[in-house]
Amino acid sequence: MRVWKLKEEKTCEEYRCIVGDKVEEAKWKGLDVNDHWQQMKGIMMETGQDIYGMTKRQCRQEETWWNEEVAEAVREKKIKYGKWKKENTKEARMV
C-alpha cells in the first residue's frame, strides 16, 4: 500500500473518518481478541486500499532509508558475493 500518502493531511483525515465510521458500524460483541484484531486489521487495510491504492511492487527508491550510500553498499556486496561464488575459496569469502 502507498502508506506514505498518509503524510498528506487531506488523505490522512479522509482515512481517519472512513475508518472511524466503519469501526462504529462493525459488530464487535462476542468476538475474542484475535477475531477483534482481524476485523480491525481488515477495516484498516480495506480502507487504505480504497483511499491511496496499492503499489504494483515495492520500489526501494520510494523507501525513506534507501539512498545512494545503501545502493553502493548493495552493489559492492553483490560483486563480492559473485566473486566468492565463482572462485569458491575461503579467501574470496573473507574479502
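The values are calculated or read from the model by the stated rules, or taken from the named source; none is laboratory data. All figures in this text were calculated on a predicted structure; none of them were measured in a lab. All Cβ positions, even for glycine, are placed from backbone atoms using ideal geometry, and neighbour counts span all protein chains on display.
Details
- Taking residues in region 79-95 that are assigned to a helix (DSSP H, G or I), and partners anywhere that are basic (K, R), the pairs with Cβ atoms closer than 6 Å and at least 6 places apart or on different chains are W84/R93; A92/K83.
- Members of region 1-17 found to be part of a loop (DSSP other than H, G, I, E, B) and not hydrophobic (A, V, I, L, M, F, W, C), listed by number: R2, E8
- Residues of region 29-56 satisfying the condition of being farther than 17 Å from C12 by Cα and surrounded by 11 or more Cβ atoms within 10 Å (Cβ to Cβ): L31, D35, H36, W37, Q38, Q39, M40, G42, T55
- Search result, residues across region 1-32 that are among the small types (G, A, S) and either in contact (Cβ under 8 Å) with a residue 40 or more places away in the chain or over 14 Å from I43 (Cα atoms) (or both): G30
- Considering residues of region 18-54 that are of a type in the set (G, A, S) and not in a helix (DSSP H, G or I) only, the residue nearest to V3 (Cα to Cα): G53
- Tabulated pairs, region 45-67, first modelled with pLDDT of 75 or more and of a type outside the set (D, E), second surrounded by fewer than 12 Cβ atoms within 10 Å (Cβ to Cβ) and assigned to a helix (DSSP H, G or I), C-beta under 9 angstrom, 6+ apart or interchain: G48/V3; Y52/V3; W66/R60
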